[in-house]
Every structure is written in C-alpha cells, then in structure tokens.
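Taken together, the values in this text are just the output of simple stated rules run on the coordinates, not laboratory data. Everything numeric here is computed off the predicted structure, so don't read it as measured data. Note: ideal-geometry Cβ built from the backbone for every residue, glycine included; neighbour counts use all protein chains shown.
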Amino acid sequence: MKLLNIFYLLSVILCSTTLAQTEPQSGERFDEDLPDPILSTEKWKKLKPGKVYQGYLKLNTDWSNNWPLVWQLKGDNLKLHKLHDGWMRKNYFRTQKSRIHDPQGYLTNIQKDVLADILKNHEKVSQLPIHLFIFGAGQQFVSMDAQKAGEEFLKKPNSTLMYYFMGDSKATTGYVKTKTPPKIPGSSEKDEDVKPLLDPFLVKTMFTKAGTHAATQNQDPSETLYATVAEVSRRMYWIEQELGLVTPSENTLDDTSKEDEVEEDEPSMIDKLWEQLGGNKQNLLYLGSGILIALLFIVSAFILMIYRRLKVYQFPSYSDSTRLAAEYGAGVSEVVAFKDARVSLSDQKKRIEDSEI
Amino acid sequence: MTLLDLRETFSGMNPIVDDGVQDLAGVLRRKMRDALVKSFEKTQRQFANLQLAICFVDLPHTVKIESYGFWLLNDGVFRRQAKEIENEGGRVIIVVDMTSKKVTLNAGYMLDDYIGKGEVFDMLSNGHASLLEGDLVKGGEALFSALRKYLRKVHRRAIKGRKATQ
C-alpha cells in the first residue's frame, strides 16, 4: 500500500509540473517581437483591416505581415497597450491640418469639434499653438522618447505639444519648443552648457497641474478632457510670460482676465469722491477739516468717558448737627413702590407732593 | 419717632452690612449677588469718603421701610468700609423691601444739604421698571447707575457750597 501511495504522489507531482510548463505565465505572454499565439483565435480574425475600433485600434491593411504594435487580449477585445516607435511616428507625428492627433480613434466627432473650438480660441489669444495628442489610459511608448519626437515634429519654435491620456487626465504631459537659447560668450560649444529658456520641470508641472485641476473639478470624461485643454490654454499665459512673449500687464488670455481688466478701468472710490467734490481743492479742505473735527470730538468724548469713570469724588466735610438722636443721618427719605404696575411713578410722585403740602 | 424707639422695634434684626450688598430677604442667588457687588464696587470706587450699600429685606407688614432705613443708616455696621472711612455721616443706603415691594434711599448728614426735594424719588425711579418685572439684578444695577449720576451732581453742589432747594 505504501508503495502505491508513493507512486500516486509521484504521478500527481509530475502532472502538475507538465501543466505549469504548458500554461504561459501572465508576465511572459506578450513579447514585443513575437506575435502572441492568441492572435490566431477566431475572434481576432473577424476584425476587419482598416476599420476603426473605438478606443482600441486602427488596423493597418498589412497587419498580418507587419506588426507595428504589441497586443493585449482583454475580454473579447484587443486593446492597444504599447505603441512602437515606427507606428507612432507614422500615425501621430506626421504633418496634418488639424491640431488634434487621434489616430486610434478615441474621440467622437462632437468631442473633436469642441476641442477644435477650444484650440482655435486659444490661438486667437496666445502665441503658443497647441498640438493635442490623444492616447489611451495606461498606454506606453516603446523604444521612443516622446519629447524628442515632439521636438523633431514641431518645426517652428514657440509651439506646444500636449499628450492627453483618455480617462487619466492626471497623467497629462507635454512639451514646449522654444527658440534656441543664446549661448553665453566664453562658454564651451557643448549643448549641456546652454541654459534652456524654459525650465522643463516647470513645463511638466504646468501640464500635470492642469490635468489634476480638471480631474478634481469634473466627473464626466469628456468634460474632464475639455477642462484639461482649457486649463492648459489658460496656464500657457505664464509660459508666455516666462518666455517674454507677453508683459505681465498685458492681459489677453481669457474672458475672466478681460473682466478683471474692465474692473480695473472703473474709477476708484477716491476718484468718485473727487468727482463729487467737483475736483475743487477747497471742498476737499472742508471735507478734511470736517473729518478732523469729528475725529477730535470722538476722541475727546472717549477721553471724557474714561476720565469720568476713573475720577474719584471727595465730598467736603460737614458740620455736626445731630437730629432725632441719630448719629449719622436723619434725612427724610422718599419711597418708590413697585408692587403694582397700575400705580404709575407719576401717581406716586403726585401723592408724595400732596402729602407734603 | 426717634432712633431710640426704633432700636426697640428692630432689636432682633441683623444690622450688619458686609460687602455693600446685603441680602437679608434671601432673594439673591450667588451670580445675581456677584453682579450687584460688581456694580456696587464700581460706584463705591468713585466716591471715596461715602459708605454705600444696598439691602434687600423682608420686613413685617407693621414696619415701615422709611423707619428701617433710618435705623439701619445709624445702627448698621458697615464692616468692610469701617476702617477706611472715618466720617460716617457719608452713608448712603438703598433699602429694597421684598414684602411691601418698596425701595427707598437714606443718606447721612454729609449729603443732607445738597439733596433736593423729589430728586431721590427721580433717582429711585430708574430701577422701577426692572424691579416691577422682578429682575432684581437689572433693577439694582439701574439704581447704582442712577446713584452714580446723582451723586456726581450732588458733589458739584457740595464743592460749590450751593445748597439744594428743599
């Protein structure tokens, strides 16, 4: 029996090890170079090349031969997880009329229109146009640097790239291309020695803060997207100021700043008072002296009040003249009754006066 | 009625005024009493050579408040101020009788010539409304406030040596 048990145990261990070898582990399933065996399933074959699958993938016509992407199977859908250098450059960083770059088809037409309006308005007031790149949440760039690619893509200086990750506005980032900074005379010719016009950290923080601010203010994903772009547009003013494109007094950013400007144009309270006085210096003198007299009156009243409160009154001595064998006093006192409300004070006083008569 | 007669009448009564507020009627709670003592001290501080007091008493129906005030003015023992003030002709006592619901003021010889006819009544009238409502603290405070005002007036007369019209 013991031998049988040992044999059974051995067979169980052997079976489990063979099974573990055949099942691919979750971390090793997706290789960047080799197509995954799951790609050959029936569902995958049903996808039509060239068609946009919302939020997932625009398949290339020659997808079966040329693999630009690495796929991840999620439920019944194929989700674009990582973006390769070649595919990125081909689909995102190519010249096009629109400022909105969404080759994966994340945006609806309405969303595109709204964003186009926001960007158009931004260009009216700003000297730094924004190119908006839309990605999926959690997507990563493989073997490429988004900043460098952006630098190559943006041909003109003073323009901006914005990377927005759908559903994750806090991950928003971007890049601002500036003019070549002037080299300090006497320093070496190396690029490392040249100080950039903009602090990269400042730019990155600006984008992140805009995304975070929009995420806290909005619940709806579309609204968050619009708010992020609008917030970036608003914050670009500070970048422009940093670059010396606008002076701090110049205020051409948005409606709110315009409102502020209008408020500033309104005459101040002193100006209004001056107008009411007819701009006459004599009237102002009268007003000033009036205020001074009132102030003096208040101060003197206050001092008098304090003086009266602190003053100690000393009565003069009296001549001893005792009456009714009383040592300290024998004056006739007056009485006020408070028993009945119907008996008024005037009645009481009248009664006293009558009795004295 | 002389003081000797009154002494016989009030022989069993307590004539001690401890701290300017004497509650023989037992109508004041501690907080009420403290508030009145505060008001009393404010008044007493201003009139250095006067002895001020307010007494809440519960007199029998047979006793007149005027007589009691007269007796207390002369026979009352003002413990607190006794050492500080030599001239005791400057006593001023407000007596509030809770039985007959009456209030009166008795003043010593020092103020005799300067207190005008009907002026004390007017001064006491200030506390009438509150006392009528049964608010003893407000009534007492109003009386002290009116007393301060009135004594300042009396003081002016005394300094000028101008006697009040009787």
Quick one: go through segment B:142-165 and flag any residue whose amide nitrogen is under 17 Å from the point 7 Å out along the Cα-to-Cβ line of B:Lys117.
-> B:163-165
Each residue of B:110-117 has, on average, a number of other protein chain C-beta atoms within 10 Å of its C-beta equal to 4
Chain B - mean residue ellipticity at 222 nm from DSSP helices (-39,500 (n - 2.57) per run, n ≥ 4, rounded to 500) | -14000 deg cm²/dmol
Rounded to the nearest 5, the percent of antiparallel DSSP beta bridges in chain B equals 35
Taking every residue in B:42-50, how many Cβ atoms of other protein chains lie within 10 Å of its Cβ, on average?
-> 3
Cα-projected label distance for A:Leu245 with A:Lys179, points at 7 Å along beta-carbon direction, nm | 1.2
Which far-off residues, 5 or more places away or on another chain, put their amide H under 5 Å from the one on A:Thr178, with H placed in the peptide plane?
-> A:Asn158
Based on the mean of other Cβ atoms within 10 Å per residue, sort peptides A:113-122, A:129-138, A:291-300, B:57-66 so the most packed one is first.
-> A:129-138, A:113-122, B:57-66, A:291-300
Amide H partners (placed H, <5 Å) of A:Met144, local residues excluded | none
Value of relative contact order over chain B, rounded to a whole percent, pairs C-alpha under 8 Å and six or more apart | 23
Compute the Cα gyration tensor for segment A:299-357, then decide on rounded, prolate or oblate, letting a ≥ b ≥ c be the square roots of its eigenvalues: rounded whenever a/c is under 1.5, prolate when a/b is larger than b/c in the other cases, and oblate in all that remain.
-> oblate
Trypsin sites (Lys or Arg not before Pro) within segment A:297-331, DSSP loop, no more than 14 other Cβ atoms inside 10 Å = A:Lys311
Beyond 19 Å, what percent of the Cα pairs of segment B:30-138 remain?
-> 48
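How much FRET efficiency would the formula 1/(1 + (r/R0)^6) give for A:Thr322 and A:Ser300, where r is the Cβ-Cβ distance and R0 is 41 Å, rounded to 0.05?
0.35
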Per-residue HN-Hα couplings for segment A:301-310 [Karplus 6.51, -1.76, 1.60; θ = phi - 60°; Hz; x = Gly/Pro] = 4, 5, 5, 4, 5, 5, 4, 5, 6, 8
Between A:Leu285 and B:Arg45, what FRET efficiency comes out of the Förster formula 1/(1 + (r/R0)^6) with R0 = 45 Å and r the beta carbon distance, rounded to 0.05?
-> 0.50
What whole number of Å gives the distance from the Cα centroid of segment A:88-108 to the Cα centroid of segment A:327-357?
-> 103
A correct fewest-to-most ranking of B:Glu41, B:Glu8, A:Glu353 by other Cβ atoms within 10 Å would be B:Glu8, A:Glu353, B:Glu41
Counting sequence-distant residues (5 or more places) and residues on other chains, those with an amide H built under 5 Å from that of A:Phe135 are A:Tyr164, A:Phe165, A:Met166
